[in-house]
1. Taking K and R as +1 and D and E as -1, what net charge do the other residues with C-beta under 15 Å from the C-beta of Val225 add up to?
2. Can you give the angle from 0 to 90° between the axis of helix 186-195 and the longest principal axis of the chain, with both taken from C-alpha atoms, to the nearest 10?
3. Please calculate how many Å² of accessible area the chain carries per residue, with a 1.4 Å probe and no DNA, RNA or ligand atoms counted.
4. What does the highest-first list of 218-227, 63-72 look like by mean Cβ count within 10 Å?
5. Any chance you could check the Cα centroid distance between segment 245-300 and segment 138-192 for me, in angstrom?
6. Cβ neighbours within 10 Å, averaged per peptide: list 140-147, 184-191 in order, most packed at the top.
7. Could you state the angle between the C-alpha long axis of helix 212-221 and the longest principal axis of the C-alpha atoms of the chain, as a value from 0 to 90 degrees rounded to the nearest 10?
8. Ranked highest first by the average count of other Cβ atoms within 10 Å around their residues, in what order do 14-20, 261-267 fall?
Amino acid sequence: MNRATPVSRLRDARVTLAHGGGGRAMRDLIDEVFIAAFEPPGMEDQARLMTDALQLPGARLAFTTDSFVVTPIEFPGGDIGTLAVCGTVNDLAVGGATPLWLSASFIIEEGTEIDLLRRIVASMAREAATAGVRIVTGDTKVVERGSADGVFVTTSGVGVIPPGRDLRADAIQPGDVAIVNGVLGDHGAAILAARGDLALSTDIESDCQPLNSLMDAVIAAAPGVRASRDATRGGLASALNEMADAAGVSVEIDEEKLPLRPEVAGVCEILGLDPLYLANEGTLVLFVPPDQADAALTAMRGTDAGRGSVVVGSARERGTMPVTMRTRFGGIRIVDMLVGEQLPRIC
């Protein structure tokens, strides 16, 4: 037998409770599905990490964690693994950190197809490579059939904020320009269509993508960037409200300038949804001083994730409402925080 060709010991087609029992079956699942894809350094109960970036005076660690649940688990443009890596990388990147390491924890329902797990893990490995991060540690748990919804993933991320970089929502000032890097609502619309409940036929794909390269480019070109936020659950409207409240300003956006696919607008019109509240997984909004707006826009458009970047509005002195929108008919509409939930299990 060729020693270079490992013999698979994982013969089951679906996950059983034995795969979470701590014995040989669990070891085989971890080795052949997770470690084979992620290739973490070492096999201890913790990852041991070093980076020269932390040796610089004033450098700081950034740490974030998030859990991901989505139905369906696989959807046009990605799957729960794509979501988990991109979501965690982006939470670090929009705060000005350079993402470096991720952990990944899986809650797996008994009966889940092992081939589905392989596809999820392959997506995570691919997105991690694209973002330049490593998945260095993790965990698996198997729960009884009916106790979960297929697979839940929790990821934590660690990055380094370089000296002198301090992106904070409360730094936004009146006059600052608001820029988004791409179209709105693709993720929420793609998930809704993928469920098949409403017999919608559309080619919309999720916008899942890592945003750290875009953030590096815009900060280099426009070092005065005040703050950035990825517009995930609650969409652009909720992100802007959170930032406006933190800074004590108001934000006015222009409906005519909002980047929106006709297909997404059509889905929203049919179902009575507002695209401003639809989730995104590769879209951010950032605020820059007006004298750096052109440089920021040019830098963003020079990246794959920012080719569709546009100015959508600006910050103003605090008014009656945190966020308003000038409509295409010339009126002013209040853009409040999302009340309730438009779509369950989207991220």
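The values are calculated or read from the model by the stated rules, or taken from the named source; none is laboratory data. Nothing here was measured: the structure is a model prediction, and the numbers come from that model. Please note: Cβ atoms are built from the backbone with ideal geometry, for glycine as well, and neighbour counts cover all protein chains shown. For the accessible areas, the whole protein counts, side chains as well, though only heavy atoms, and no ligand, DNA or RNA atoms are used. Shrake-Rupley method; radii C 1.70, N 1.55, O 1.52, S 1.80 Å.
1. Values: positive: Arg165, Arg168, Arg226, Arg229; negative: Asp166, Asp170, Asp176, Asp216, Asp230, Asp291, Asp294.
Charge balance in the 15 Å sphere: -3.
2. Once rounded, one gets 50 degrees.
3. Details: 15850 Å² over 347 residues.
Normalised by residue count, the accessible surface of the chain is 46 Å².
4. Highest mean packing first, the order is 218-227, 63-72.
5. Cα centroid of segment 245-300 versus Cα centroid of segment 138-192: 16 Å apart.
6. Values: 140-147: 13.9, 184-191: 28.9.
My ranking of the peptides, most packed first, is 184-191, 140-147.
7. Compared with the principal axis, the helix lies near 40 degrees.
8. Values: 14-20: 18.9, 261-267: 16.9.
Packing order, densest peptide first, comes out as 14-20, 261-267.
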